[in-house]
1. Ignoring ligands, DNA and RNA, what percent of the 1.4 Å accessible area of region 1-63 is carbon and sulfur?
2. Under a 1.4 Å probe, what is the accessible area of the chain per residue, stated in Å²?
3. What does the convex hull of the Cα atoms of region 1-56 come to per residue, in Å³, rounded to a whole number?
4. Using 0.36 nm per residue, how much length does the chain from Leu179 to Asn111 gain when fully extended, once their Cα-Cα distance is taken away?
5. Can you check what the Kirkwood hydrodynamic radius comes to for the chain, Cα pairs only, in Å to one decimal?
6. Given labels modelled 7 Å from the Cα in the Cβ direction, how far is it in nm from Thr55 to Arg141?
7. Taking the Cα centre of the chain as the origin and placing charges on Cβ (Lys, Arg +1; Asp, Glu -1), which of Pro214, Leu197, Ala149 is farthest toward the positive end of the dipole?
8. Separation between the Gln244 and Leu294 pseudo-spin-labels, each 7 Å from Cα along Cα→Cβ, expressed in nm?
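The values are calculated or read from the model by the stated rules, or taken from the named source; none is laboratory data. The structure displayed is predicted, hence computed values, not measured ones. Glycine also receives a Cβ, built like all others from the backbone with ideal geometry; neighbour counts cover every protein chain displayed. SASA here: full protein model, heavy atoms, side chains in, ligands and nucleic acids out. Shrake-Rupley method; radii C 1.70, N 1.55, O 1.52, S 1.80 Å.
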Amino acid sequence: MRTRWTGCGTALVTPFKKSGALDEPAVRRLARRQIESGVHFLVPCGTTGENPTLTRTEHRRVVELVIEEANGRVPVLAGAGGYNTHEVVELASEMQQLGADGLLSVTPYYNKPTAEGLYQHFRAIAESTRLPIVVYNVPSRTGSNVEPATLARLATIPNVVGVKEASGNITQVAEVCRLVPDDFIVLCGDDVVTLPLMAVGGKGVISVVSNEVPAEMAKMIEAAERNDYAAARRIHLRLMPLMQVNFVESNPGPVKAAMAAMGLLEEAYRLPMVSPKPESREKILNVLRELQLLAMSVGKVSA
């Protein structure tokens, strides 16, 4: 049986209507597509899900819809992070009440806490809930890096079970894998370095590109898990242009533009996110054409 929070988890985008309202049928449809494609867990309302622009009611509703659609088939790791520890504790409690299986909690951004502040922040969240917590380290976005020594300390808290590592520093990731216990789950937070991370002890990925190609990413991870790196590399190299173009501008702008071109959702954003520039859009469409994803999209989005 697969250990929870290993394999390929998808950092789900949040679909909106052109009016700006939450597109609830699309939330369900996208979650169902992921499950049917073999993804191992779902991550609603992370930063790829534009959670800073969701109201608390919308945040709860998205998680509720994903949990309903999953219906126990795959676990749901709900986003619950922020720079106000008290508010994150409240949000974690709400996610637990909704029936989430775990929490993905991004490090506090802007206020740049010390290592001790980071430890106390996550300890307070962990003590407030019975849910397992995956720490999300993405210093390029938050301005705060969870050092390996701090993660090793956090790993002693029983329900801090893993980290989504998006530092982009393979040396740091390798040091994390060296310092934490074997049962502490190190996940990649950057699609393009998933295989290198797994080679040094990582257990999978929380992926952006799996929004577009869930089956392929799940197969890539499964190949690496069985040490078939030749097969995993073939998939990785094929998908690498898509992994890269998803970040031609700030995430999730490009991936939502791509998914709209594939017929998976309406292309709608909330400020300050806007549509990609024309030159970026052309790059996105060129990659989709090369991978034949525009044609592949037909028939995959029916309710």
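1. On the way: 1210 of 2390 Å².
Here carbon and sulfur together make up 51 percent of the probe-accessible area.
2. Working: 12680 Å² over 303 residues.
Result: 42 Å² per residue.
3. 90
4. 21.8 nm
5. With all distinct Cα pairs of the chain included, I get 19.1 Å.
6. The answer from the label model is 2.4 nm.
7. Of the listed residues, the answer is Pro214.
8. Taking the two extended label points, one gets 2.1 nm.
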